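The values are calculated or read from the model by the stated rules, or taken from the named source; none is laboratory data. It should be emphasised that the depicted structure is a prediction, and the values quoted were computed from it without experimental measurement. Cβ placement follows ideal geometry from the backbone for every residue including glycine, while neighbour counts extend to all protein chains displayed. The protein model used for the area step is the full one, side chains on, heavy atoms only, and it has no ligands, DNA or RNA in it. Shrake-Rupley method; radii C 1.70, N 1.55, O 1.52, S 1.80 Å.
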Amino acid sequence: MAAVVARGCGGVWRRARQCGAGRPGPGPGPSPPGQRAVACNKRGGAVPAGKSGLAPWIPVVGLEIHAQISSNSKLFSGSQVQFAAPPNSLVSFFDASLPGTLPVLNRRCVEAAVMTGLALNCSINKKSLFDRKHYFYADLPAGYQITQQRVPIAVNGSLSYSLCIDNKMSQMVTKTVRIKQIQLEQDSGKSLHDDTGCQTLVDLNRAGVGLMEVVMEPDMCCGEEAAAAVRELQLILQTLGSSQAVMAEGQLRVDANVSVHHPGEPYGVRTEVKNINSIRFLAKAVDYEIQRQIEELENGGTILNETRAFDSKLGCTVPMRDKEGKQDYRFMPEPNLPPLILYDTKSLPANMNHQQVINIDWIHERLPDLPSVKREKLVEQYGILPEHSFTLLNEDGLAEFFESVVKQTQMKPKKVIGWILNDLLSYLKQHSLTVKESPVSSFLLADLLNLLEKKEISSTAAKQVMAIKAGNRKVLNKLIGLVQRKTQGRSNPALVKQLLEKKLSE
Amino acid sequence: MRALSLVRWVRAGRGPPRGPGSRYTGNGGHRGYTGHSENRHSEHRPQDPPQKVSVEVLQHLEQLALVDFRDREGVERLQKAIQFADQLQEVNTEGVEPMDSVLEDRCLYLREDDVTEGNCTKELLENAREKLEEYFVAPPGNIPLPKLEERETFLQGS
């Protein structure tokens, strides 16, 4: 699980020279992180030329994020959207691109895109268009993808995210990244490469699933900023319900565009990094690529405008096969789809079937509280620190758990939060449990905290009880030992264990 | 639709418009059939002898569209197709917004988000030449066309 808050970087990097020893020539890859002087000013300003005397580098990072829309059926057909189903079982004739089929737009997908656009402060285009993007690949049976290249559904938004200035999480800085646009497009099928058999197996279950492509302008400067921005987007999408945004299931895919340049000079050549499967890897991939480019340029090399894949095992980026050379997608308007028209309360047509009408204002009124608003409310209502509110929202269900405990206990929220974040959360993490799987219910914890408040038990005792409940077997054994001592060895240990476990499961 | 985008594309690969020796006057001209001065339409008029499509352009087209202009006949057919599409230049479209589709005034129908299709694996796989346990079988990745020198196409001769 990625850390939601990361250290900020000032945007200026410099590669270190090894002290004393001569610098080796162009090696197989960038120097290990320890040797890299990340001369970042944590406040985000430019850093003056430091001891190494090298001109500083400014990395530039932009992101293209594809979020799978959470809907029952696909963007242009009525086949089901579901992860892990028998191959080619969720495929309609249209998805397989059989002749004589036509796209029919799914209303829910449009609503999801409008919600997301509004949440990201975008202007919603009341008229948007669909286009065809042509390229050949086995998992794209039509030979083109229907997308929105000319006029997408939403443009010119922004996303605010926060970073910790230092490791202690006591100082947070807010940054903003501009959202260039959000467009609706089709997902492709899945290719399984079989190297031994020299063939590709194609499963079209995913072909045609609705995607929202969110394009973030190159306003970020390092892996941690990119990771924090994506994490916040993920939380927003999950709050809206427009996408479940689980990266592990391919519902959220991120491509990073990375380049470096000296201050005052034009932007450098950028590379595109793909195959990033988690937020943690996103930070690693971006940082690696920045470092690789800096080293390449400082050794007199050049950066190719290419697509690279992130190899998570090796922790590096490698050039991608099949993507050499600039692609010409031969964009053309999708002739089978008229423009998509959206309305607001002012422009609402009087005599139209309301199932055929999407009202932007209606959707806006029903947007849920976004994560940033939820955090503010938690801080205001309970007097907890902003950092606490971040952690509460970062774990699925934790904020609700906290509020539930607060309701059921006399202990002040400011004290409760410590028990939630330090004790409960760390135990859950240790045993790889989610909040929903917590053996300690909010009722139980509230009960325990009440006992503590009434001074009927000590703090240490409370911690021990929590530990046992959370599954700490060592403490359970200790209890058995205590019982044995009390009964002077006359009790049956197995029976004692059974009785204790029964009590604990109540 | 494809012919027009092909024409525009090929034209883009032809290079800059002809120089001062051209019959075409610089101020947009009064030749009725190309009444507008946008560069991309002003380079060529239907009555001029058709410009040859360069080898580089042909090669690029072959890679993009995965076709093989195997002989002189193939290349000539392409040139005739471009000539045919060029007739569109006779129309003065100055100040007219391009039309994407005759459906542009229609309402885009919105479908309810219900599952109504799918579950026809057997039918879909019936037409597949090669299959493996309900997967379609395809060659590994895109197989690039062999390089110009290795192929037997007419392009070598031009």
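Summary table
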{"item": "Leading residue by the ranking (most open to solvent (accessible area, probe 1.4 Å)) among those in the range A:63-80 that are assigned to a strand (DSSP E or B) and either facing chain B (nearest Cβ under 8 Å) or acidic (Asp, Glu) (or both)", "result": "A:80"}
{"item": "Candidates A:275, A:305 - the one that is away from chain B (no Cβ under 14 Å), surrounded by fewer than 17 Cβ atoms within 10 Å (Cβ to Cβ) and under 24 Å from residue A:65 (Cβ atoms)", "result": "A:305"}
{"item": "In the range A:333-346, the residues that are open to solvent by 30 Å² or more (accessible area, probe 1.4 Å) and within 14 Å of chain B (Cβ to nearest Cβ)", "result": "A:335, A:336, A:341, A:343"}
{"item": "Residue under evaluation residue B:79, criteria (1) away from chain A (no Cβ under 14 Å); (2) of a type outside the set (D, E, K, R); (3) open to solvent by 60 Å² or more (accessible area, probe 1.4 Å); (4) within 18 Å of the chain's Cα centre (by Cα), criterion not met", "result": "(3)"}
{"item": "Residue count for the range A:121-156, restricted to those that are open to solvent by 40 Å² or more (accessible area, probe 1.4 Å) and of a type in the set (Val, Ile, Thr)", "result": "1"}
{"item": "Considering residues of the range A:81-104 that are under 16 Å from residue B:111 (Cβ atoms) and more than 7 Å from every other protein chain (Cβ to nearest Cβ) only, the residue surrounded by the fewest Cβ atoms within 10 Å (Cβ to Cβ)", "result": "A:102"}
{"item": "Wholly enclosed strands (runs of 3 or more DSSP E) of the range A:160-269 bearing at least 2 residues open to solvent by less than 20 Å² (accessible area, probe 1.4 Å) and more than 19 Å from residue A:109 (Cα to Cα)", "result": "A:172-186, A:199-203, A:210-220, A:252-261"}
{"item": "Test result for residue A:118, open to solvent by 10 Å² or more (accessible area, probe 1.4 Å), at pLDDT 95 or above, under 15 Å from residue A:182 (Cβ atoms) and not in a strand (DSSP E or B)", "result": "yes"}
{"item": "Sole exception among (1) hydroxyl-bearing (Ser, Thr, Tyr); (2) in contact with a Lys or Arg (Cβ under 9 Å, 6 or more places away or on another chain); (3) without any contact (Cβ under 8 Å) to a residue 60 or more places away in the chain for residue A:162, by number", "result": "(3)"}
{"item": "Test result for residue B:66, at pLDDT 95 or above and hydrophobic (A, V, I, L, M, F, W, C)", "result": "no"}
{"item": "Among the residues listed as B:112, B:94, the single one being at pLDDT 90 or above, more than 22 Å from the chain's Cα centre (by Cα), under 25 Å from residue A:77 (Cβ atoms) and exposed (fewer than 14 other Cβ atoms within 10 Å of the Cβ)", "result": "B:112"}
{"item": "Any hit, the range A:310-317, residues being within 14 Å of chain B (Cβ to nearest Cβ), touching a Leu at 6+ places or on another chain (Cβ under 9 Å), at negative phi and buried (at least 17 other Cβ atoms within 10 Å of the Cβ)", "result": "no"}
{"item": "Selection count where residues are at pLDDT 95 or above, assigned to a loop (DSSP other than H, G, I, E, B) and surrounded by 14 or more Cβ atoms within 10 Å (Cβ to Cβ), scope the range A:368-400", "result": "1"}
{"item": "All positions within the range A:270-305 that are more than 17 Å from residue A:253 (Cβ to Cβ) and in a loop (DSSP other than H, G, I, E, B)", "result": "A:270, A:299, A:300, A:301, A:302, A:303, A:304, A:305"}
{"item": "Filter result for residue B:102 (within 24 Å of residue A:333 (Cα to Cα), exposed (fewer than 13 other Cβ atoms within 10 Å of the Cβ) and modelled with pLDDT under 90)", "result": "yes"}
{"item": "Failed item, numbered, when residue B:84 is tested on (1) open to solvent by 70 Å² or more (accessible area, probe 1.4 Å); (2) within 12 Å of chain A (Cβ to nearest Cβ); (3) part of a helix (DSSP H, G or I)", "result": "(2)"}
{"item": "Conditions (1) in contact (Cβ under 8 Å) with a residue 40 or more places away in the chain; (2) surrounded by fewer than 24 Cβ atoms within 10 Å (Cβ to Cβ): number failed by residue A:286", "result": "(2)"}
{"item": "Pairs where the first residue, in the range A:125-146, is within 11 Å of chain B (Cβ to nearest Cβ) and within 24 Å of residue B:107 (Cβ to Cβ) and the second is in a strand (DSSP E or B) and of a type in the set (A, V, I, L, M, F, W, C), C-beta under 6 Å, 6+ apart", "result": "A:127/A:341; A:128/A:340; A:130/A:146; A:132/A:332"}
{"item": "Unique match (being within 14 Å of chain B (Cβ to nearest Cβ) and in contact with a Ser or Thr (Cβ under 7 Å, 6 or more places away or on another chain)) among A:210, A:197, A:189", "result": "A:210"}
{"item": "Selection from the range A:289-300 of residues that are more than 20 Å from the chain's Cα centre (by Cα) and open to solvent by less than 20 Å² (accessible area, probe 1.4 Å)", "result": "A:290, A:291, A:293, A:294, A:295"}
{"item": "Qualifying residue in the range A:105-124 (condition: facing another protein chain (nearest Cβ under 9 Å), at positive phi and touching a Ser or Thr at 6+ places or on another chain (Cβ under 6 Å))", "result": "no"}
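Residue-by-condition table, conditions (1) under 24 Å from residue A:499 (Cα atoms); (2) buried (at least 19 other Cβ atoms within 10 Å of the Cβ); (3) touching a Cys at 6+ places or on another chain (Cβ under 8 Å):
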residue	(1), (2), (3)
A:405	no, yes, no
A:409	no, yes, no
A:424	no, yes, no
A:434	no, no, no
A:442	yes, yes, no
A:454	no, no, no
A:463	yes, no, no
A:481	yes, no, no
A:488	yes, no, no
